[in-house]
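One structure is given below, encoded as structure tokens.
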Amino acid sequence: MPYIARRIAAMIPALLGVIVCIFLITRVLPGDPARTFAGEQAAPSVVEQVRREMGLDRPIWEQFFRYVGDLLRGDLGFSWHTGRTVVEEFATRLPATIELSLAALVLALLIGVPIGIISATRRDRPIDHVSRVLSLVGASMPLFWLGLMVIYLFYGQLGWQPAPLGRIDSGLNPPTSITGLYVVDSLLTGDLAALRSSLAHLIWPAMVLATGSTAIIARMTRSAMLEVIDQDYIRTARSKGLPPLTVIGKHALKNAAPVTMTVVGLQFGQLLGGAVITETIFTWPGLGSYVTDAVLATDYAPVQAFTLLAAVVYLVVNLLVDLFNGVLDPRTTHA
Amino acid sequence: MKRQAVTLALGSALVLSACGANANSDDGGAAGGEEATDTLTVAYSEGGTTLDPAIASDVTSDTFVLAAYDQLVTYARTEVDGQYEADTSQIEPMLAESWDVSEGDTRYTFHLREGVTFQDGSDLTAEDVDATFDYIASSSNAAFLYGMAGIEDVQALDEYTVQIDLTAPNHLFLQILPMYSFSIINMDLVEENGGTDWLAANTAGSGPYTVDSWDPASEAVLTRNDDYWGEAPALRQVTMKFIGEASNRVQLLQNGEVDVALEVPPKDVESLAAVDGVTIDSRASNKILYFGMNTAIEPFDDPLVRQAISYAIPYENLISDVMMGQASPMTSSVASSTPGWTDAGYEYSHDLDTARELLAEAGYPDGFEFDFTLGSGFQDWADDAVLIQAELAEIGVTMNIENMARPQFLDALATGEVQSYISRWTSFVNDPGYHLGLLLTAEGTSNYVNYDNDEVNALWEQAATEPDADVRADLYGQMQEIITTEAPWAYLYEYNIVVAHRDGVEGYTSYPDGIIRFFQMSRS
């Protein structure tokens, strides 16, 4: 218990640091949001009026305290480039991003961990070399390029992929909203048509987004497994005559898992960042495409809110990972 | 224990789903297999920022406004070689059936069409016009156009008569009224909903379409207003898809997922034209691209140097290699499709010998070095800059290219301290007075090259209040000749607007503002 409390307390200064940093970075960057918002052909007097309306004529410290005050009241600000509040925008878009990131994470685990195990157990055999080369390629493939290639090949040429337009066929209604995740909601409501369509829409961007993480998880699982496999207790287990699957699954994997889980926690941050790019390419109506637009339009509030959200998610996920590792290996909680 | 709980949860979910209807349980619903001829899907690059007519300033937002609202008057539409285009020199009735102009050209009296209703069913009257103009005058974005139109006072004389007084005769007035910014708004409805902020995400117009849904990150759906006062639009429903990636727009059009794709990259035009069932509509526009040289910074304060640069630019390569032929030569500071355009004084061509002579005459026989600022966001600008840099190197001139992100670039231009740059311009009011007034007179707010020629300034002042169109054209012609000779800009090219659509999509009309009016379109 004190361990969890300590960890949660440690998040507060981290979050404060993040708040100060993102505020300063967005303000210090060149580019005048008032000018962008008023339009290229706007007169200086118009730009001046817009700047006043946006509160940008105030001293920077005043803007900062307003921002923090609004944050404490749960107000994430107003998005100038869409004319709605950031909270409204996030409410409609966050589920799409979560669904995509979670699907990518699940895929990365389902593919990465077995590859890592197989590689480790067949060390220096052909399959190990192949998987090592593949994970090198996967880890270094630019998401942007990969996404375009997938669309070109699987949608444009082969026709396996539905049109990269949103989360579900335009002829279908989204499933009745329960969690906001289309695949889960359509399962819960037994909506088979929506399930089929939303899965078909989800799988391609999720695979693209998962590529980098899959490769890294595979590599880390492999090296963690290799370390464990050489330990004495594995040799003992083997010499006792335990079946190989039990040795690998129960004895080796359990001890290699903390490494993999730590990587997963770190990768989740990567996934959120990658989602921004993937969503833009696949016209996925999540936060990513919205935040990209906001960045290009120097629209401060959504950018700040997204960065803050990403930081919170990152901290929470890594806390969960550490707690999980603590269960697997109680020694870590006493460090 | 745990396993039991999971089974229980799954079981109850299944039971739930078995008794309750889900969102797609009504089989045989709307999504039919056969192609409907009264719907259209259009791929846009951006999702729009507002539905408010007085704030809209990007293509997507303007499209919403022109679909949901009407204006007092509108531009004429003509057919040229089987294609429709706007004739901005002819103003036609819309909400105003007719209008009278007073002696002295400062008072316009508009007679409104009777029986027009807003989409909520209330009558559109002179009071609404008056209230709308008040809002425009006080808005942050459109107030500037209000001033440019020279409007002094708006009065509702009776239920269907509006009188507008101008500060002085102003030929831009009737040119500006058809713009989306001057859409007539149901201000009573706006009041009921708590004020004009409501307009950002809602519409209150009398136009041919209603905006049913709008998500800037994915799509918007527009539905025909069946009570529309004018001719009933052919299309029942228009879906606007927002697809930022140009290659995806092209791909979706090829597969027939969308019927129309906007902003098709020049490099894809040729391959797309070869696809069965796809038609490319590539037309000259009044969107220009120029190479600006800051006349307040040495050595560009010398017209000879600027002329030398104008002789060193590989004009033909820019059009054929960078734009793949989807552009045409620009030979004046005004686009060639703008009424009053003239290429008088234009003698430039890609001629390095002349360029060297001019440099020597200006006192730079060995060339010089200067800074060029390249704004991000447009691939053709970057390609142009590199080609121009190479040619300038041939005459001993070193061009240092500095890259800048777009918001930063716009900021830098506004300071008037950028030595040279490339930028595009589209004058939404297709008139040389509007265009040159903003860009190349001393008071112009977008005169980033600090061009200040007394004669040009005086001609512009004179033309602004000149009621006779021919005399005005002559004055604007003189301005263009002086500017072309003095060369504060090198003229790069005029963009084509490229729209690709499936066969059978008809009625597309090109306007100077580049905005599609859906009520003009149909499918066969």
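Consider just the alpha-carbon atoms of the protein assembly as shown and return their Rg together with their Dmax, both in angstrom.
Using the Cα atoms of the protein assembly as shown, the pair Rg, Dmax is 31.0, 111 Å.
Using mean Cβ contacts within 10 Å as the protection proxy, how do B:408-419, B:323-334 order, highest first?
Per-residue mean Cβ counts within 10 Å order the peptides as B:323-334, B:408-419.
Under a 5 Å amide H to amide H cut-off, with H placed in plane at 1.01 Å, what residues pair with B:Asp87 once short-range neighbours are removed?
Amide H neighbours of B:Asp87: B:Ala76, B:Arg77, B:Thr78.
Springs between alpha-carbon pairs under 10 angstrom, Gaussian network model over chain A: which of A:Ala43, A:Ala210, A:Ala108 fluctuates most?
Residue with maximal mean-square fluctuation among A:Ala43, A:Ala210, A:Ala108: A:Ala43.
Per residue, how much space in cubic angstrom lies within the convex hull of the C-alpha atoms of the stretch A:1-109?
171 Å³
Using +1 at the Cβ of each Lys and Arg and -1 at the Cβ of each Asp and Glu in the protein assembly as shown, identify which of A:Ala108, B:Val73, B:Leu112 lies farthest towards the dipole's positive end.
The Cα lying farthest towards the positive end belongs to A:Ala108.
B:Pro178: net charge of surrounding residues, Cβ under 13 Å, Lys/Arg +1, Asp/Glu -1, itself excluded?
-4
Given that compact globular proteins tend to follow 2.2 N^0.38 Å, what is the ratio of the alpha-carbon Rg of chain B to that value?
Ratio of Cα Rg to 2.2 N^0.38 Å: 1.11.
Quantify how strongly other chains surround peptide B:41-50 by giving the mean number of their Cβ atoms within 10 Å of each of its Cβ atoms.
3
Around B:Val418, what is the net charge, scoring Lys/Arg as +1 and Asp/Glu as -1 over all other residues with Cβ under 13 Å from its Cβ?
-4
Rank these for me by crowding, B:Trp198, B:Trp341, B:Trp214, going from fewest to most other beta carbons within 10 Å.
The fewest-first ordering by Cβ neighbours comes to B:Trp198, B:Trp341, B:Trp214.
Rg (Å, one decimal) plus Dmax (Å, integer) for the alpha carbons of the stretch B:320-427?
15.6, 42
Taking the square root of 5 times each eigenvalue of the Cα gyration tensor, what semi-axes in Å does the equivalent ellipsoid of chain A have, largest first?
In descending order the semi-axes read 42, 27, 18 Å.
How many Cβ atoms of partner chains, on average, are near each residue of B:217-229 if near means within 10 Å of its Cβ?
Shielding by partners across B:217-229 averages 3.
In what order do A:Ile98, B:Ile184 fall by count of nearby beta-carbon atoms within 10 Å, going from fewest to most?
A:Ile98, B:Ile184
Order these by the 10 Å Cβ neighbour count, fewest first: B:Thr223, B:Thr338, B:Thr37.
The order, fewest Cβ neighbours first, is B:Thr37, B:Thr223, B:Thr338.
Scanning chain A for helices, which whole DSSP H stretches are 27 Å or more long along the axis (Cα) and average -1.0 or more by Kyte-Doolittle?
Membrane-span-like by this rule: A:2-28, A:86-121, A:192-229, A:253-282, A:300-328.
Quantify how strongly other chains surround peptide A:274-283 by giving the mean number of their Cβ atoms within 10 Å of each of its Cβ atoms.
3
Can you list the lysines whose alpha carbon is less than 28 Å from that of B:Lys241, not counting same-chain residues fewer than 8 positions off?
Output for B:Lys241: B:Lys267, B:Lys287.
Near A:Lys250, which aspartates and glutamates are there with a Cα under 16 Å away, not counting those fewer than 8 places off in the same chain?
Straight-line reach from A:Lys250, under 16 Å: A:Glu227, A:Asp230, A:Asp232, A:Asp329.
Tell me the net charge near B:Asn248. Cut-off is 13 Å between Cβ atoms, B:Asn248 excluded, with +1 for each Lys or Arg and -1 for each Asp or Glu.
-3
Assigning unit charges at the beta carbon (Lys, Arg +1; Asp, Glu -1) and nothing else, what dipole magnitude in debye, to the nearest 20, does chain B show about its Cα centre?
Computed about the Cα centre, the dipole is about 2020 debye.
Where a number appears in this text, it was derived from the coordinates with a stated rule and is not lab data. These numbers were taken from a predicted model, which means no experiment stands behind them. Here the Cβ is made from the backbone with ideal geometry for all residues, glycine too, and neighbour counts use every protein chain on show.
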